[in-house]
Amino acid sequence: MHDERTAAATETGMDFSRRGFVVTSLATGFALAVQPVSAQTITTDSDGLIAGEVKIPTKDGQIPAYRAQPKGDGPFPVVLVVQEIFGVHEHIKDVCRRFAKLGALAIAPELYARQGDVSKLTDFGAIRPIVAKVPDAQVMSDLDAAVDFAKGSKGDVSKLGITGFCWGGRIVWLYSAHNPAVKAGVAWYGRLVGEPDELHPKSPVDLADKLNAPILGLYGGADAGIPIESIEKMREAVKAAGKTAEIHVYPDTPHAFHADYRPSYRKEQAEDGWKRLQDWFKKHGVL
């Protein structure tokens, strides 16, 4: 199945083999663009866990990833954790450990590895051009590779979930349409509509009829980058397609409200969203 999807990606012109790897190891600590971090930053310990950097074999080489799972024989449910625009830095690593404390194998591959190291950039404006060069087909293929890695690391891929934040929130919708093995997804404030281009041919709203799994969307009503109109458009598309998705909107709440290391963090909404995520994954056979 993965080979078929990779072949499809190649047919779209994504020749991964011609690319080099810019990022060969994960950032330490937090991305420079988000410094200084908030006093509210949550730190989850690794007691009882196997946690740290791993290398994921892909079709054209290895990409770094952060993996956290309970100690023990398993098998453990698998949760893909998809990075924000800042890459796999300390916050995303912490989210992986939170999932491991719930009994899952959580893995976050560095999905910009071929295009650039955004963790070292202080200017948000300099990050966007790098991220814009990351093809959706490449991301789908790398997430497939992460699933294969998890399967070989005591992961039970029959209980496969995916969650992501900001840039990664959009990817949750796309990957759920790409991989029929996904049991459930939770998208945190991911963009739902957009202008297509060669590297990003479809938006989530375009793929509503292709969703393979029930999706929970967690969005902020005061998110300047995701208008309520686009959320309503997604709700209508999912309903018309007869698919299962719930989008919860927190009133007067900004983008990145789960990011406890940033000023945008909203404790009440973040904790409620995390509870909803757990309930969603339990209901649909992930946790």
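The values are calculated or read from the model by the stated rules, or taken from the named source; none is laboratory data. Note that the coordinates shown come from a computational prediction; the quantities given were computed from them, not determined experimentally. Every residue, glycine as well, gets a Cβ built from its backbone with ideal geometry; the counts of neighbours run over all protein chains shown. When the accessible area is computed, the model is the full protein with side chains, heavy atoms only, and any ligands, DNA or RNA have been set aside. Shrake-Rupley method; radii C 1.70, N 1.55, O 1.52, S 1.80 Å.
For this structure, a couple of remarks:
Yes or no, residue by residue, for (1) touching a helix residue (DSSP H, G or I) at 6+ places or on another chain (Cβ under 6 Å); (2) of a type in the set (Val, Ile, Thr); (3) in a helix (DSSP H, G or I):
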residue	(1), (2), (3)
114	no, no, no
162	yes, yes, no
177	yes, no, yes
180	no, no, no
186	yes, yes, no
207	yes, no, yes
216	yes, no, no
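- Count of the range 26-48 residues, restricted to those that are farther than 14 Å from residue 108 by Cβ and either touching a strand residue (DSSP E or B) at 6+ places or on another chain (Cβ under 6 Å) or not β-branched (Val, Ile, Thr) (or both), is 13.
- Number of the condition not met by residue 111 [criteria: (1) crowded, with 24+ Cβ neighbours inside 10 Å; (2) farther than 19 Å from residue 137 by Cα]: (2)
- Cβ pairs under 8 Å, 6+ apart, first in the range 192-209 and farther than 14 Å from residue 139 by Cβ, second among the hydroxyl-bearing types (Ser, Thr, Tyr) and part of a helix (DSSP H, G or I): 192/230; 193/230; 205/230
- For residue 36: the one exception among (1) farther than 29 Å from residue 287 by Cα; (2) open to solvent by less than 40 Å² (accessible area, probe 1.4 Å): (2)
- Beta carbons closer than 9 Å, at least 6 apart along the sequence or on distinct chains, pair a first residue in the range 165-180 that is surrounded by fewer than 24 Cβ atoms within 10 Å (Cβ to Cβ) with a second that is among the β-branched types (Val, Ile, Thr) and in a helix (DSSP H, G or I) for 167/131; 179/147.
- Any hit, the range 268-275, residues being farther than 15 Å from residue 215 by Cβ, open to solvent by 30 Å² or more (accessible area, probe 1.4 Å) and among the hydrophobic types (A, V, I, L, M, F, W, C): yes
- Checking each residue in the range 189-204 for being open to solvent by less than 90 Å² (accessible area, probe 1.4 Å) and in a loop (DSSP other than H, G, I, E, B) picks out 189, 190, 192, 193, 194, 196, 197, 199, 200, 201, 203.
- Flag for residue 103 being open to solvent by less than 10 Å² (accessible area, probe 1.4 Å) and either among the small types (Gly, Ala, Ser) or touching a helix residue (DSSP H, G or I) at 6+ places or on another chain (Cβ under 8 Å) (or both): no
- Test set (1) touching an Asp or Glu at 6+ places or on another chain (Cβ under 9 Å); (2) under 30 Å from residue 42 (Cβ atoms); (3) open to solvent by 50 Å² or more (accessible area, probe 1.4 Å) - residue 242 fails condition number: (2)
- Inter-residue pairs, beta-carbon under 8 Å, first within 19 Å of residue 99 (Cα to Cα) and in the range 27-45, second part of a loop (DSSP other than H, G, I, E, B) and charged (D, E, K, R), 6+ apart: 41/260; 42/260
- Residues of the range 205-216 that are of a type in the set (Val, Ile, Thr) and surrounded by 20 or more Cβ atoms within 10 Å (Cβ to Cβ): 215 alone.
- Residue match in the range 257-267 (condition: closer than 29 Å to residue 34 by Cα, open to solvent by less than 30 Å² (accessible area, probe 1.4 Å), among the acidic types (Asp, Glu) and touching a residue at least 40 places away in the same chain (Cβ under 8 Å)): yes
- Filtered residue count, the range 40-57, keeping only those that are open to solvent by 30 Å² or more (accessible area, probe 1.4 Å) and either among the β-branched types (Val, Ile, Thr) or closer than 13 Å to residue 93 by Cα (or both): 8
- Identity of the residue in the range 116-152, assigned to a loop (DSSP other than H, G, I, E, B) and in contact (Cβ under 8 Å) with a residue 12 or more places away in the chain, that ends up nearest to residue 67 (Cα to Cα): 117
- Pairs meeting the criteria (first residue in the range 224-244 and under 16 Å from residue 191 (Cβ atoms), second residue assigned to a helix (DSSP H, G or I) and not hydrophobic (A, V, I, L, M, F, W, C), beta carbons under 7 Å, at least 6 apart or on different chains) are 234/204.
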